[in-house]
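Inspection log for the structure reproduced underneath, given as structure tokens.
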Amino acid sequence: MKTVNQMRLSFPSKSRNEAFARSAVSAFITALDPTLSELNDLKTAVSEAVTNCIVHGYRRQSGTVYIFASVKDDNTVTVKIRDKGVGIEDIKQAMQPLFTTSPEEERAGLGFAVMQSFCDKVRVNSAPGKGTTVTLIKKIGADE
């Protein structure tokens, strides 16, 4: 597949920027004429990934969230959301529904499960002390 469009974005790890990230990614894919369901699915997954960067990656300290999005000629959208925060020690455990590193904040521990339910594929790469990259992959128009 050939990449036909791409974008890069970075912003401070402030919770108010989560809506900005969601809107920016949805605006980026509108040229693909996604259904409302496809658009909402990707927006929700992006929201969860960005929130994970802010809450867990940087533990509410200041940092930068990076987003790289690309579109292939078959309408497959790839969105990589990255932080340079604390990283994840055990990715398999972190991806289990209801697991959270912030129980005192009453976090549900469903972020990765939500991302997986709304995307075709979710990959997580992380190293303790170096940060985390979440890759969301969704084909637009797959239901047609």
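Just a few scattered comments:
- From the options SER10, SER23, residue that is exposed (fewer than 14 other Cβ atoms within 10 Å of the Cβ), part of a strand (DSSP E or B) and small (Gly, Ala, Ser): SER10
- Residue within segment 107-118 that is at pLDDT below 75, assigned to a loop (DSSP other than H, G, I, E, B), more than 16 Å from the chain's Cα centre (by Cα) and surrounded by fewer than 14 Cβ atoms within 10 Å (Cβ to Cβ) present: yes
- Subset tally (residues that are out of contact with any helix residue (DSSP H, G or I) (no Cβ under 9 Å at 6 or more places or on another chain) and either closer than 16 Å to LYS80 by Cβ or at pLDDT 95 or above (or both)) for segment 119-130: 5
- Residue pairs meeting the criteria (Cβ under 8 Å; at least 6 apart or on separate chains; first free of Cβ contacts under 8 Å to residues at least 24 places away in the same chain, in segment 3-21; second assigned to a strand (DSSP E or B)): PHE20/PHE11
For every residue, the table says whether it meets (1) under 13 Å from the mean Cα position of the chain (by Cα); (2) at pLDDT below 95; (3) surrounded by fewer than 16 Cβ atoms within 10 Å (Cβ to Cβ).
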site: VAL46; (1), (2), (3): yes, no, no
site: GLY57; (1), (2), (3): yes, yes, no
site: ARG60; (1), (2), (3): no, yes, yes
site: ILE67; (1), (2), (3): yes, no, no
site: ASN75; (1), (2), (3): no, no, no
site: ILE81; (1), (2), (3): yes, no, no
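The values are calculated or read from the model by the stated rules, or taken from the named source; none is laboratory data. All figures in this text were calculated on a predicted structure; none of them were measured in a lab. Here Cβ is always computed from backbone atoms with ideal geometry, including for glycine, and neighbour counts include all displayed protein chains.
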